[in-house]
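*Asks:* Have a look at the structure that comes next, please.
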Amino acid sequence: MSETFTLGLFYTVIRPEEKWILAAAEERGIPVERFHDEAVTFPLVRNGFQADLVLNRSVSHSRSLYALRFFEHYGVPTVNRYEVVALCGDKVLASLRLEEAGVPTPRTVVALTPEAALKALDEIGYPAVLKPPIGSWGRLMAKVDDAEEAEQIIEHKSALGSPNHSIFYVQEYIEKPERDLRAFVVGDEIAAAMYRRSKDWRTNAARGAVSEAMSPTPEMREIVLRAAAAVGGGVLAVDLMESPEGLVVHEVNPTPEFRALSGATGIDVAAKVVDYVAEMARR
Ligand SMILES: Nc1ncnc2c1ncn2[C@@H]1O[C@H](COP(=O)(O)OP(=O)(O)O)[C@@H](O)[C@H]1O
Ligand SMILES: [Mg+2]
């Protein structure tokens, strides 16, 4: 089947994920126009490109946001939508939305100054987790065991002087088994799911967690699809932890990697993403 639309790929580097996406597009006869996020320029008035729909694969949150807003402005639909990425890329906004939608999520308190951060930590209780509102791969997060440690970490964060480290996202520490759960959502479906096992309390694949295929329980399926819908849907990785009280969603990733997931499950996630994008383009 040959397609009548051109897929735009907005990317930073061609990782295995992007290779698989390009291969899936080629198999389906879908022409791809590449937009390298380090090179592309965005005039206020659209000029001279082909893409009818853009798939965002940039690893940069700020580049993604501006680019998606420009494509929207040019009348080009994107996966994911600007609003979805803006929401999911900011842990504060994402937590608010999950709470509003009644999706179980860890207890979280946000503070806007170092002084208030200490209070927030007291309100949450120790151990607690401190996260930068914007970030990924578990970077610059801290597990805080007591008030003394809290003061030191907050002092360090304040010294960084960056806006992202001047807002304090404080979360209860979930006593989970040595793993978390990830479900990769494409539209209305869970395309694949896995455990990520690690001795490190941060079970990110980027930190060396071991991936293992799993099939979602009905409870997990329900929570995952509710979380995805709550943030506006699309292609999303919903991350959950097994808390003593049941499953909680701690993150919805708007531009997820899936190399580990494809490896662990044998599922061609890229093909599912491309089929979803093609389906959207036909509408
Ligand atoms: N509140 C928490 N309690 C225990 N572990 C957590 C908590 N929050 C995050 N983690 C662990 O840290 C990892 C990274 O946290 P996450 O919020 O997903 O940040 P990132 O965007 O950097 O991936 C999670 O996959 C999980 O294993
Ligand atoms: Mg995460």
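*Asks:* Given the conditions (1) crowded, with 21+ Cβ neighbours inside 10 Å; (2) part of a helix (DSSP H, G or I), and given that residue 226 satisfies all but one, which numbered condition is not satisfied?
*Replies:* (1)
*Asks:* As an exercise: evaluate residue 185 against (1) within 12 Å of ligand 2 (Cβ to nearest atom); (2) touching a Leu at 6+ places or on another chain (Cβ under 7 Å) and give the number of the one condition it does not meet.
*Replies:* (1)
*Asks:* Please verify whether residue 69 is assigned to a loop (DSSP other than H, G, I, E, B) and among the basic types (Lys, Arg), treating the condition exactly as stated.
*Replies:* So residue 69 does not fit the description; no.
*Asks:* Right, something else. Are any residues in the range 228-283 of a type in the set (Gly, Ala, Ser), more than 13 Å from ligand 1 (Cβ to nearest atom) and over 16 Å from residue 9 (Cα atoms), and if so, which ones?
*Replies:* Scanning the range 228-283 gives 228, 229, 230, 232, 233, 246, 262, 263, 264, 266.
*Asks:* Could you tell me which residue of the range 136-167 is farthest from ligand 1 (Cβ to nearest atom), considering only residues that are in contact (Cβ under 8 Å) with a residue 40 or more places away in the chain and under 26 Å from residue 208 (Cα atoms)?
*Replies:* Applying the filter and picking the extreme gives 157.
*Asks:* OK, next. Could you tell me whether the range 101-124 includes any residue that is closer than 30 Å to residue 53 by Cβ and within 15 Å of ligand 1 (Cβ to nearest atom)?
*Replies:* yes
*Asks:* Shifting gears a bit: Listed residues 214, 241; which is closer than 26 Å to residue 139 by Cβ and away from ligand 2 (no atom under 16 Å from the Cβ)?
*Replies:* Answer to the check: 214.
*Asks:* Sticking with this one: Mind listing whichever residues of the range 170-204 are in a strand (DSSP E or B), acidic (Asp, Glu) and closer than 14 Å to residue 238 by Cβ?
*Replies:* Residues satisfying the conditions are 180, 189.
*Asks:* Just give me the residues in the range 229-238 being in a strand (DSSP E or B) and within 15 Å of ligand 2 (Cβ to nearest atom), in sequence order.
*Replies:* 236, 237, 238
This table checks each residue for (1) in the same structural domain as residue 134 (by TED's automatic domain parsing); (2) aliphatic (A, V, I, L, M); (3) over 23 Å from residue 106 (Cβ atoms); (4) buried (at least 19 other Cβ atoms within 10 Å of the Cβ).
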{"position": "242", "(1), (2), (3), (4)": "no, no, no, no"}
{"position": "245", "(1), (2), (3), (4)": "no, no, no, no"}
{"position": "265", "(1), (2), (3), (4)": "no, no, yes, yes"}
{"position": "277", "(1), (2), (3), (4)": "no, yes, yes, yes"}
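*Asks:* Of the residues 282, 221, 226, 259, which single one is at pLDDT below 95 and not assigned by TED's automatic domain parsing to the domain that holds residue 58?
*Replies:* Exactly one of 282, 221, 226, 259 is at pLDDT below 95 and not assigned by TED's automatic domain parsing to the domain that holds residue 58, namely 282.
*Asks:* Kindly list, by first and then second residue, each pair from a residue in the range 89-110 that is more than 24 Å from residue 68 (Cβ to Cβ) and within 15 Å of ligand 2 (Cβ to nearest atom) to a residue that is at pLDDT 95 or above and among the acidic types (Asp, Glu), limited to pairs with Cβ atoms under 6 Å and residues at least 6 apart or on different chains.
*Replies:* Hits for this filter: 106/172.
*Asks:* Restricting attention to the range 1-58, which residues are among the hydrophobic types (A, V, I, L, M, F, W, C), exposed (fewer than 13 other Cβ atoms within 10 Å of the Cβ) and under 24 Å from residue 75 (Cβ atoms)?
*Replies:* Answer for the range 1-58, where residues must be among the hydrophobic types (A, V, I, L, M, F, W, C), exposed (fewer than 13 other Cβ atoms within 10 Å of the Cβ) and under 24 Å from residue 75 (Cβ atoms): 39, 44, 45.
*Asks:* Filter the range 210-223 down to the residues that are more than 15 Å from ligand 1 (Cβ to nearest atom) and among the polar types (S, T, N, Q), then identify the one that is surrounded by the fewest Cβ atoms within 10 Å (Cβ to Cβ).
*Replies:* Among those residues, the one meeting the criterion is 215.
*Asks:* Are any of the residues in the range 114-123 under 24 Å from residue 196 (Cβ atoms) and surrounded by fewer than 16 Cβ atoms within 10 Å (Cβ to Cβ)?
*Replies:* No; the residues of the range 114-123 include none that is under 24 Å from residue 196 (Cβ atoms) and surrounded by fewer than 16 Cβ atoms within 10 Å (Cβ to Cβ).
*Asks:* Is it the case that some residue within the range 194-202 is touching a residue at least 60 places away in the same chain (Cβ under 8 Å), crowded, with 21+ Cβ neighbours inside 10 Å and more than 11 Å from ligand 1 (Cβ to nearest atom)?
*Replies:* Within the range 194-202 (the criterion being touching a residue at least 60 places away in the same chain (Cβ under 8 Å), crowded, with 21+ Cβ neighbours inside 10 Å and more than 11 Å from ligand 1 (Cβ to nearest atom)), the answer is yes, since at least one residue qualifies.
*Asks:* If you scan the range 130-169, which residues turn out to be over 13 Å from residue 202 (Cα atoms), among the charged types (D, E, K, R) and either within 16 Å of ligand 2 (Cβ to nearest atom) or assigned to a helix (DSSP H, G or I) (or both)?
*Replies:* Selection gives 148, 149, 151, 155, 157.
The values are calculated or read from the model by the stated rules, or taken from the named source; none is laboratory data. Keep in mind that what you see is a predicted model, and the values were worked out from it rather than measured. Neighbour counts are summed over all protein chains in view; Cβ atoms, including those assigned to glycine, are modelled from backbone coordinates with ideal geometry.
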